[in-house]
Amino acid sequence: MTPPTVANPLLQVQFQIPFDKIRTENVEPAIDELLNEARQQLEQLISEPAPRTFDNTLERLDHLTERLDYAMQIVRHLEGLVTTPELRAAYNAVQPKVSEFYSSLPLNEGLWQAILSYSLTDEAQNLTGVRKRFLKKTMDNFRRHGAGLDPESKKRIAEIDVELSRQTTRFGENVLDSTNQCEWVITDERQLAGLPESARAIARASAASKNLPEPSWRFTLQAPSYLAVMTYLDDESMRQKVYEAFVNRATEEKYDNRPIMRNILDLRGEKARLLGYPDFADLVLEDRMAHAGDRARQFLEDLKCKTEAHFQRENQDLLEFSGKSELEPWDVAYYAEKQRAALYDFDEEDLRPYFPLESVIQGMFEIVQRLYGISVVEKTGVPVWDPQVKYYEIYDGSRVHNNKLIGAFYTDWFPRENKRGGAWMDNLITGEMTREGQEPHVGVICGNLTPPAEDRPSLLTHREAQTIFHEFGHLLHHCLSSVELRGFAGVNVAWDFVELPSQIMENWCWEREALDLFARHYQTGEPIPSQLLEKMRNARNFRAANMQMRQLGFGFVDLALHRDIRPGSNIDLLAFTRNILQQFTPAKLPEHYAMIVSFTHLFASPVGYGAGYYSYKWSEVLDADAFTLFQTNGIFSPEVGARFRDRILSRGDSEDPADLYRSFMGRDPDPNALLERSGLLVRLRTI
Ligand SMILES: [Zn+2]
């Protein structure tokens, strides 16, 4: 007897996601079925006999993978949050098939011909608004994958893509292997002088994990170990050894990334030229907010000019403080930490009692209610994937009753063994825009925050509180979206624009008026004492010019490599990058400095942050600048809030982000707000 068929819960997009019914064994059959369905729909779209229209071509393309996206989002989400060996295996079985299907779309000749013939119709010529943008962006995307090129060039593009993916994977593996092969074991405790107890404990545990005899302390080039040595260890010769190993990773014969980096740059440059762009930066930036390599470079140049004098002053101060005649690269972090401790009598831990998780969340909801006129309410009895998870609904208007449901989201804040690290927002469902209006969206925000202890609730660091605001900003961008085409909804925006809605939220964590809504002592209910707040603010900008110059240097070197190095050039790339980075570094870099060949942001995936490293600073400029409109009109101004909601949060990618920004601010972004926030706008005193 066959058992009654139970419907596979992944096959139906449901606003109330049935987390209690989804089983690992649903994954493969559901994804296979949905992939087939998408393939069939693609065939139907291509072989459509009727004349081409928006509805039978682009509209169908926009919906082609809707059900597949939903199921895959849920599977990916569960794999990240409650993984098991079985779920991971099921995910790994379907993931390559799905990503192969997605990446085959812009290479599909039949689909390209369908879009091309639609583009020649009268209807297409007369499109406006988001539909016009959709047609243009779709065609641009196909062209960037080689559509419309002669067969020879198309073949070459395909070869380059395969080779790029191979070389960039290899680049990442070499960095990992080269990093992992270095270790230093210390057996004499006196050599640990300067190192705080927390770092000693990590080094002890690392030694124990390698079964080294006690007592021993093991140090590696992994970030926490490396940073602790550079920041605290008194032993200068050890700091030098570790530093030199760090900046020379991936230059050993076995893991040599030098020829690989050159290959990657050549391949990227060749691809750009085949597609008709002067260089890789112009290819990649075409559909970003910056649009072109020149614009990104000017942006960095401008910030560099405005930061340089402060940078020199900070370096002079540090040199004087150290009492040395010259600082080596392995001295900088060490003396800077001593200087920080001397200047600010401030311990981040003192703030924790003022940031109980629940109060931070409630205060944040209060802030967005004032700003955007929305109410957030918790709802219980909804299926979730872990008992710690909470579920909330967002209503339009300041009261829940009689108001429209516009979105829902889950929160999952504490670490677990079956959960991945970090903090993130994920969109689970993008609501449809129907004749009746916008259907609600569903998302999730996750983190690995300080959990509650036996005797106290979860008490956060100030940084953790900002993380919650940040992820909630991404969530609002998703949930407040109101865009006709799903591919352009919510957070589907350019890379250098996507952090504006999230980063701007962090600003409310620094303002007294806002802090008083949620930063209250968990036992006494007292707000943060003025003196403590003052210290917190002062410490924020310690060595801000150095931090800024470091990011600018990476942005410069990234653009220089992707713009100025011609394919096939045999220039010495290490010397080239070292000369650039030297201008942004407070100490003289060693002759053999090779940090660039372990820079995975730029070279460990076919595109990644390649030619896009500037985006970090770019989005900081946007959020600092946009926040000034709130500061000028009151940080709870419902007028400015409504404007931000209407011009930015609800628009997704329906218009060029530069236009969206202008329509909010009334002008282009101005970097001065970031300089002011970082304490870098004040004119230097001449002594
Ligand atoms: Zn973010």
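What the stretch 85-159 shows is 55 Å² of accessible area per residue, with the surface traced by a 1.4 Å probe over protein heavy atoms. Here the dipole of the stretch 40-81 is about 60 debye; that uses its Cα centre as origin and unit charges on the Cβ of Lys and Arg (positive) and Asp and Glu (negative).
Our coupling estimate for the stretch 418-431, obtained by passing each phi through the Karplus curve with A = 6.51, B = -1.76, C = 1.60 and θ = phi - 60°, is 8, 10, 6, x, x, 9, 7, 10, 10, 8, 8, 9, 9, x Hz, Gly and Pro reported as x. First check a/c for the stretch 321-455, with a ≥ b ≥ c the square roots of the eigenvalues of its C-alpha gyration tensor; if it is under 1.5, answer rounded, and if not, answer prolate when a/b is larger than b/c or oblate otherwise. Judged from the Cα gyration tensor, the stretch 321-455 comes out prolate (a/c at least 1.5, a/b above b/c). Between Arg456 and Thr524, the modelled label-to-label distance comes to 1.4 nm, taking each label 7 Å out from Cα in the direction of the beta carbon. Length available on full extension from Met433 to Asp345: 0.36 nm per residue minus the Cα-Cα distance, which gives 26.3 nm. Asp564 to Ala539: FRET efficiency via 1/(1 + (r/R0)^6), r the Cβ-Cβ distance, R0 35 Å, to the nearest 0.05? Computed FRET efficiency for Asp564 and Ala539: 0.35. Each residue of the stretch 198-209 is assigned a 3J(HN,Hα), and the resulting list reads 4, 6, 5, 4, 5, 5, 5, 5, 5, 5, 4, 5 Hz, derived from the Karplus form 6.51 cos²θ - 1.76 cosθ + 1.60 (θ = phi - 60°), x at Gly and Pro. Maximal additional length on extending the Asp294-Asp188 stretch stands at 32.8 nm, based on 0.36 nm per residue less the C-alpha distance. Only Cα sites of the stretch 361-441 enter the Debye sum here, all with the same form factor; the resulting log10 I(q)/I(0) across q = 0.11, 0.17, 0.19 1/Å is -0.36, -0.82, -0.98, listed in q order. Scanning the chain for trypsin sites (Lys or Arg not before Pro) that sit in a DSSP loop and have at most 14 other Cβ atoms within 10 Å, the longest stretch containing none of them is 24-209.
Shown for the stretch 43-116: the carbon plus sulfur share of the solvent-accessible area, taken with all protein chains present and a 1.4 angstrom probe, equals 57%.
Taking every C-alpha pair closer than 8 Å and separated by at least 6 residues, the mean separation divided by the residue count of the stretch 227-355 gives a relative contact order of 30 percent. Computed FRET efficiency, Cβ-Cβ of Glu676 and Asn579, R0 35 Å: what is it to the nearest 0.05? It comes out at approximately 0.65. About its Cα centre, the dipole of the chain is roughly 660 debye, where the only charges are +1 on Lys and Arg Cβ and -1 on Asp and Glu Cβ.
With bins 5 Å wide beginning at 0, the percent of Cα pairs of the stretch 556-687 falling in each bin runs 2, 8, 13, 15, 14, 12, 12, 10, 8, 4, 1, 0. Just name one of Gln551, Phe630, Val682: the one whose Cα is farthest towards the positive end of the charge dipole of the stretch 532-687 (beta-carbon charges, Lys/Arg +1, Asp/Glu -1). Towards the positive end, the residue furthest out is Val682. Per the 1.4 Å probe, what fraction of the accessible area of the stretch 176-231, in percent, lies on carbon and sulfur atoms? C and S fraction of accessible area: 55 percent. Each Cα pair under 8 Å and six or more residues apart adds its separation to the average, and for the stretch 269-318 the resulting relative contact order is 17 percent. Summing Lys and Arg as +1 and Asp and Glu as -1 over all other residues whose Cβ lies under 9 Å from the Cβ of Leu164 gives a net charge of +1. Taking amide H as placed 1.01 Å from N in the peptide plane, Leu428 has its amide H under 5 Å from the amide H of Val442, Gly443, Val444, each at least 5 places away in sequence or on another chain. Above 52 angstrom, tally the Cα pairs of the chain and express them as a % of all pairs, no decimals. The calculated P(r) of the chain puts 12 percent of pairs beyond 52 Å. Accessible surface of the stretch 282-363, 1.4 Å probe: 47 percent of it comes from carbon and sulfur atoms.
Accessible surface calculations at 1.4 Å, restricted to protein heavy atoms, place the stretch 192-288 at 45 Å² per residue. Distance between the 7 Å Cα→Cβ label points at Thr121 and Leu589: 5.5 nm. FRET efficiency for the pair Ala208 and Cys305, taken as 1/(1 + (r/R0)^6) with r the Cβ-Cβ distance and R0 = 51 Å, rounds to 0.50. Taking 15 Å as the cut-off, no amide N atom of the stretch 438-482 comes nearer than this to a point 7 Å along the Cα-to-beta-carbon line of Glu366. Stretched out straight at 0.36 nm per residue, the stretch from Asp668 to Gln16 would grow longer than its current Cα-Cα span by 230.6 nm. Legend: residue pairs Lys241/Lys617; Lys379/Lys419; Lys97/Lys271; Lys97/Lys419, Cα-Cα distance threshold 29 Å; pairs beyond threshold, Lys241/Lys617. Across the stretch 463-470, rounded Karplus estimates of 3J(HN,Hα) from the backbone phi angles (6.51 cos²θ - 1.76 cosθ + 1.60, θ = phi - 60°) give 4, 5, 4, 5, 4, 4, 4, 4 Hz, Gly and Pro being marked x.
Each label was represented as a point 7 Å from its Cα along the Cα-to-Cβ direction; for Lys241 and Asn403 these points are 6.2 nm apart.
Do you know the relative contact order of the chain, to the nearest whole percent, from alpha carbon pairs under 8 angstrom that are 6+ apart? Once normalised by length, the contact order is 16 percent.
The values are calculated or read from the model by the stated rules, or taken from the named source; none is laboratory data. Owing to the predicted nature of the structure, the values given are computational and were not obtained by experimental measurement. Positions of Cβ are backbone-derived with ideal geometry, glycine not excepted, and every protein chain shown enters the neighbour counts. Each accessible area value is taken on the protein alone, full model and side chains, heavy atoms only, with ligands, DNA and RNA left out. Shrake-Rupley method; radii C 1.70, N 1.55, O 1.52, S 1.80 Å.
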